[in-house]
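A short write-up of the structure that comes next.
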Amino acid sequence: MSSAPDPSGPFSGLTRLDHVGIACRDLDASIAFYRTTYGFVVEHEEVNEEQGVREAMLRINGTDDGGATYLQLLEPTRPDSPVAKFLDRNGEGVHHIAFGTGDVAASAAGVGERGVRVLDKEPRHGTLGSSIVFLHPKDCGGVLTELVQAAERP
Ligand code: V0V
Ligand code: CO
């Protein structure tokens with residue numbers, strides 16, 4: 001018999017660390033730092049106009065649920081974007097963390113039931129064809145947090 005989730009109990013919809021997002025002023029310089037210092041290379045690059053970012057995904061490792069873990073380097077494309085505002089206030093550094101899930105809408109609903117503000121009513125387009133939502137940093141101990149459902153593999 002199935003029962004409603006207990007909002008005070010643990011939440012198990014999230015299966016991995018998908019990426020750590022890092023705000024930078026110069027994407028190419030940041031890519032060069034991670035390549036020459038650690039040997040991490042770009043798997044994917046795209047511009048996301050909705051989010052106001054030019055971004056690069058550097059694959060760190062695969063995970064046992066078939067997903068992967070990345071660094072996401074983020075350069076703003078316009079001055080009023082979240083990453084541009086973050087850089088003005090804090091300078092370069094860690095901007096957000098992202099957890100992977102098999103069902104982003106269900107995970108967002110589960111987290112929302114626990115009193116965390118979900119910033120996106122509907123999942124939005126994320127990198128590599130993913131679906132994403134953001135959680136308010138003020139409800140997450142000061143950490144801007146993203147939930148990511150990876151694209152279906154062909
Ligand atoms: C802002 N705050 C942060 C923060 N950004 N705290 C921790 N980490 C961050 N990254 C704090 C800020 O210091 C303020 O605290 C408060 O939140 C309000 O900030 P604000 O900038 O004045 O206000 P808003 O509401 O204009 O913007 C904040 C939020 C916004 C988080 C709501 O940045 C947002 O919607 N972010 C989600 C979208 C996003 O970040 N996209 C870029 C990545 P005090 O001063 O009040 O104490 S795109 C991405 O990751 C993609 C495409 C992907 O993964 O595929
Ligand atoms: Co992200």
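Out of contact with any Gly (no Cβ under 8 Å at 6 or more places or on another chain), closer than 25 Å to Gly9 by Cα and surrounded by fewer than 22 Cβ atoms within 10 Å (Cβ to Cβ): does that describe Pro137? Criteria met by Pro137. Does segment 32-45 contain at least one residue that is under 15 Å from the mean Cα position of the chain (by Cα), open to solvent by 40 Å² or more (accessible area, probe 1.4 Å) and either of a type in the set (Lys, Arg) or more than 19 Å from Asp18 (Cβ to Cβ) (or both)? Scanning segment 32-45 turns up no residue that is under 15 Å from the mean Cα position of the chain (by Cα), open to solvent by 40 Å² or more (accessible area, probe 1.4 Å) and either of a type in the set (Lys, Arg) or more than 19 Å from Asp18 (Cβ to Cβ) (or both).
Can you tell me which residue in segment 59-107 is surrounded by the most Cβ atoms within 10 Å (Cβ to Cβ), limited to those that are under 13 Å from the mean Cα position of the chain (by Cα) and away from ligand 1 (no atom under 12 Å from the Cβ)? Here the answer is Thr101. Residues of segment 101-135 that are over 23 Å from Gly66 (Cβ atoms), away from ligand 2 (no atom under 13 Å from the Cβ) and not in a helix (DSSP H, G or I): Arg114, Gly115, Val116, Arg117, Val118, Lys121, Glu122.
Residues in segment 136-154 that are among the basic types (Lys, Arg) and assigned to a loop (DSSP other than H, G, I, E, B): Arg153 only. Applying a threshold of 7 Å to beta carbon distances and a minimum spacing of six or more residues, or different chains, the list of pairs starting in segment 74-91 at a residue that is farther than 18 Å from Val47 by Cβ and more than 16 Å from ligand 2 (Cβ to nearest atom) and ending at one that is open to solvent by less than 90 Å² (accessible area, probe 1.4 Å) and at pLDDT 95 or above is empty. Applying the condition of being under 22 Å from Gly9 (Cα atoms) and of a type in the set (Val, Ile, Thr) to segment 108-132 and asking which residue is most open to solvent (accessible area, probe 1.4 Å) yields Val118.
The values are calculated or read from the model by the stated rules, or taken from the named source; none is laboratory data. The model shown is predicted, which means the values in this text are computed figures rather than measured ones. Heads up, the Cβs are rebuilt from the backbone with ideal geometry, glycines too, and the neighbour counts pull from every protein chain shown. The area values use the complete protein model at the heavy-atom level, side chains included, leaving out ligands, DNA and RNA. Shrake-Rupley method; radii C 1.70, N 1.55, O 1.52, S 1.80 Å.
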